[in-house]
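The values are calculated or read from the model by the stated rules, or taken from the named source; none is laboratory data. On a predicted model such as this, the values are computed, not experimentally measured, just so you know. Quick reminder, even Gly has a Cβ in these numbers, built from the backbone with ideal geometry, and neighbours come from all protein chains shown.
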Amino acid sequence: MVIILNKQTAFINARIYDFNDYIESGFIIFDQTIKKVGPMKDFELNDNLEIVDMADHLIMPGLILGHTHVYSTFARGWANHYQYRNFMDILKGQWWRLDQYLQKDTIFYSGIISAVDHVKNGITTMIDHHASGLIEGSLDTLKEAITDTVGLRGIYAFETSDRFDVQQAIQENLTFMKTPSNKHAGLFGLHASLSLSDQTLKKVKESLGERPIHIHVAESELDQTDCLEKYGMRVIERLDHFGLIHQNAILVHALFIDDKEAKIIKKRGATVALNPSSNMNNGVGIPDYPRLKKHGIPVMVGNDGLGPALTTEWMNLFYTTHLKKHHPMAFGLDDLKRVINHSYQYASALLGVKLGRLKPCYEADLLALPYHPPTPIDKDNALGHLMFGCFQAFKPRDVYIQGRPIVKDYTIDETIMEKYQAGKTYAQKHWNRTSKKEATS
């Protein structure tokens, strides 16, 4: 189907579900934003509509990825012979070796590959936490790849830490945050307490104002141990001591916070981004969602750069919370709905648009997912159908962002895919860089 630009698009005969409301057989009319939604009995045909029959498809809002690392893209298949003993070994032996040699070309192509892989899994907005040897202009390079070329919305930040030129990293965050749009925005990136000295945090505070940060906290017990031994306080207490936690801050992981820290997070209006698959892969632990829920802390879910399927992360949070608490209702579908809806609220606030509902005036970021429900489906059980019938192999047929088809019949524009394929050459180039540096070090 060819989209005619002066026409609006109408999806008809669709099951429509936005994690809140459900229509069994309905229509959605949209251009860049949604114009009208309703049951098919209220649909009126007119010449200004490009009709797409979505029978046997679920129409849903595009998904929001709460935390990722696009710089991890070229880690797939990368030869690494280190024997890891703990989390710090993983950081030094893998991620800090990989990211420090990224330059403009490899940042761009890792962004293309990551964006394509994520949007094919229904993700229309990515919240990225970037690190690279190139600091100045690195966030614009990511935006050029992910937002300008592939078409996803993106919220970007550079991981300020003592590994890099601190003043350059601070400036990169500040510069990028100056010119947001409805497709991109910036956060102030920090790596983690264990890689940030007091001197660096003082410099950050001088520049930060009330801007929100994006930082790893208490991902492993090592982060808390390091903080207590060096500074005599816990991670969240230390960040709060420097006045760094503000409204809309993203605190990533938070596996080993205590109730006192949780109260600080809630008081400051921050959001926690959980990444259960990465936590299991690194052997650091399982998120304590019930603690966060008890304190009323809003939660999103990310993938920490480990695979492009957000629905896998939702499933792993669901099941591992049951396991951690030895209780089959420790995390329910209502909890999952709360997490999903907060991700829409968060991204909407940062980007200044309305995301996540299939209602008039909301952005037309949409998924079309083939689904033939084998049992009755309605508003009350639609999320259960997704959780136990779709999330294991979640592959939308079509993905629209701002009314534009980015994925159509499971395929992406040929010119973008040519760049995607070229990425293999740049991955090899990056691997060669790391090998040469290792050999001469």
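Can you find even one residue in region 242-256 that is touching a helix residue (DSSP H, G or I) at 6+ places or on another chain (Cβ under 9 Å) and assigned to a helix (DSSP H, G or I)? Looking through region 242-256, none of the residues is touching a helix residue (DSSP H, G or I) at 6+ places or on another chain (Cβ under 9 Å) and assigned to a helix (DSSP H, G or I).
Evaluate region 215-222: report whether one residue or more is assigned by TED's automatic domain parsing to the domain that holds residue 141, farther than 28 Å from residue 124 by Cβ, touching a residue at least 60 places away in the same chain (Cβ under 8 Å) and in contact with a strand residue (DSSP E or B) (Cβ under 9 Å, 6 or more places away or on another chain).
Within region 215-222, one or more residues are assigned by TED's automatic domain parsing to the domain that holds residue 141, farther than 28 Å from residue 124 by Cβ, touching a residue at least 60 places away in the same chain (Cβ under 8 Å) and in contact with a strand residue (DSSP E or B) (Cβ under 9 Å, 6 or more places away or on another chain).
Can you work out which of the residues in region 240-264 that are farther than 20 Å from residue 202 by Cα and of a type in the set (Asp, Glu) is surrounded by the most Cβ atoms within 10 Å (Cβ to Cβ)? Checking each candidate, the answer is 261. Looking across region 24-38, just one residue is over 15 Å from residue 52 (Cα atoms) and not in a strand (DSSP E or B), and that is 32.
Residue pairs whose Cβ atoms lie under 7 Å apart, sitting 6 or more positions apart in sequence or on different chains, and linking a residue in region 374-397 that is more than 22 Å from residue 124 (Cα to Cα) and outside the structural domain of residue 310 (by TED's automatic domain parsing) to a partner that is buried (at least 17 other Cβ atoms within 10 Å of the Cβ) and of a type outside the set (A, V, I, L, M, F, W, C), are 377/385; 378/22; 379/22.
Within the option set 294, 267, being more than 19 Å from residue 128 (Cα to Cα), surrounded by fewer than 23 Cβ atoms within 10 Å (Cβ to Cβ), among the basic types (Lys, Arg) and free of Cβ contacts under 8 Å to residues at least 24 places away in the same chain holds for one residue only, 267.
Does residue 204 satisfy being more than 21 Å from the chain's Cα centre (by Cα) and at pLDDT 95 or above? Yes, satisfied. From the set of residues in region 46-85 that are over 30 Å from residue 131 (Cα atoms) and free of Cβ contacts under 8 Å to residues at least 12 places away in the same chain, which is surrounded by the most Cβ atoms within 10 Å (Cβ to Cβ)? Residue satisfying both the conditions and the ranking: 46. Of all residues in region 28-40, none are surrounded by 15 or more Cβ atoms within 10 Å (Cβ to Cβ), in contact (Cβ under 8 Å) with a residue 24 or more places away in the chain and more than 24 Å from residue 152 (Cα to Cα). Within region 299-315, restricting attention to residues that are buried (at least 21 other Cβ atoms within 10 Å of the Cβ) and not hydrophobic (A, V, I, L, M, F, W, C), the residue that is farthest from residue 386 (Cα to Cα) is 304.
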